[in-house]
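Since the structure comes first, as structure tokens, the remarks are kept for the end.
Every read-out reported here was derived from the displayed coordinates using simple, explicitly stated rules and does not represent laboratory data. Every value quoted in this text rests on a predicted model; they were computed, and no experiment measured them. All Cβ positions, glycine included, derive from the backbone under ideal geometry; neighbour counts span all protein chains shown.
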Amino acid sequence: MDVLVQFLVVALIFVPQGLCQYEGYDYDTDYEPEPDTPYQPPIHFHHTVDYNVPSVPYSTDCARECFCPPSSLFTMYCDNRKLKTIPQIPSRIQQLYLQHNEIEAVTMKSFINATSLREINLSYNKLKSSKIDTGVFATSSHLHQIYLNNNDLEEIPSPISTSVERIFLGMNKINKVREQDLQGLVNVTMLDLCNNRIDNIKGKTLSKLTKLMQLNICNNKLMSMPASLPASLMYLSLENNSIAKIPDDYFAKLPNLIAIRMSHNKIDEVPLYMFNLPKLMELNLGHNKLKRIFYVPRSLEHLYLQDNEFETINITIMCPIMDQSHRLTYLRVDQNRLKGPVSTLAFLCFPHIQSIYYGEQKRSAGDSQVHLIPPYPLPDDTRYGDHDDDDDDDFPQYHREEHAPIVEEEEDEDDFHDYY
């Protein structure tokens, strides 16, 4: 009897649980037959399989003074860290940034493994030429750019890798450019030597840079034009020197020049056809001592002649033949000694001109006369030929401004920008 009671108690406990687990069950659902395919175990990837993802130990070989971001496996940032020496450079590094530190020396020890470098930035340090190991910048055959500006270099470090394309050496103490300094740099396209102490460049030092397109030697002590420039040159910057004369045929072998910037020199005269170059678009001769105007090539778009000694601007010399091919759009002649306005013939010779900046002129002692500039276009009765009123929009306004560039009648902002 006791056994029967125990059985009934157990049944009352477990039967409701069994019924509850089937509550809501859809008894009409048909089961699909079991598939015949055998059971497949989960896929496990083998750790030694190469999936073409580079495995670079960036977290272990990066110099502890620097930062090597995981997102850029070939870059090492060591800038603005008050470093006095260059840390060891891993062989994988292609971009090395060491600017804004206190580094004086560059030793071969740091670069012994740096064979993949494409860019080195050592600007804004305290580099001295005597503390740069010979050949340290020639260890990588892939080097394209090197920034050594804003240091204390007295000479151009050499040799530099023959693969280099852009060299920045501005804001140093370099006083000469030797032929061996640029030996073998056949791939250089840009050389910046601005803000140094160079007084001359003689011989064929630059002519061997057969791919050079941009040469900057502004803010130096040049007394004469640099010798033997390569025919590939497109941009020449010689502002703020002491150049007094340009040889007659100096630009004859430079047919690819697009921009010549020679403001703030001591040039007092140039030959009539000195700048007759087929591709020249910008010519800046401001802040010199020029008195005679010269021929303006058809390709020229911007001409800067401010702060010279011009008393007249002879348009027929600038433009002996009137046609539609002249592309001059901007002419600046302020701070000269002009006694009257630039002839309105300029707008016929240069049909695309947009503005002539006359501005203030220098005055001789006792000269109190102010020469007013008439508005342009002229009134209808003095216009050249018969034109419809709609043609007025094709001509710029031509009037005197005291301290600012001229503006159109609609008061549009002038397009001129003083680039230095």
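Structure summary
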quantity: Cβ-Cβ FRET estimate between Ser232 and Ser299, R0 fixed at 22 Å, reported to 0.05; calculated: 0.75
quantity: Region 203-336, dipole about Cα centre (Lys/Arg Cβ +1, Asp/Glu Cβ -1), debye to the nearest 20; calculated: 560
quantity: Residues listed by number, region 290-328, amide nitrogen under 17 Å from Met223 label point at 7 Å toward C-beta; calculated: none
quantity: Radius of gyration and maximum dimension Dmax of region 279-334, Cα, Å; calculated: 11.0, 31
quantity: Stretchable slack from Ser71 to Glu269, in nm (0.36 nm times residue separation minus alpha-carbon distance); calculated: 65.5 nm
quantity: Compactness relative to 2.2 N^0.38 Å, alpha carbon Rg of region 206-308; calculated: 0.98
quantity: Calculated FRET efficiency for the pair Ala252/Arg337, C-beta based, R₀ 25 Å, to 0.05; calculated: 0.20
quantity: Using a Förster distance of 41 Å, the FRET efficiency for Leu345-Arg197 (Cβ separation, nearest 0.05); calculated: 0.35
quantity: Sequence ranges 249-255, 313-319, ranked by mean other-Cβ count within 10 angstrom, highest first; calculated: 313-319, 249-255
quantity: Å³ per residue enclosed by the Cα convex hull of region 71-127; calculated: 70
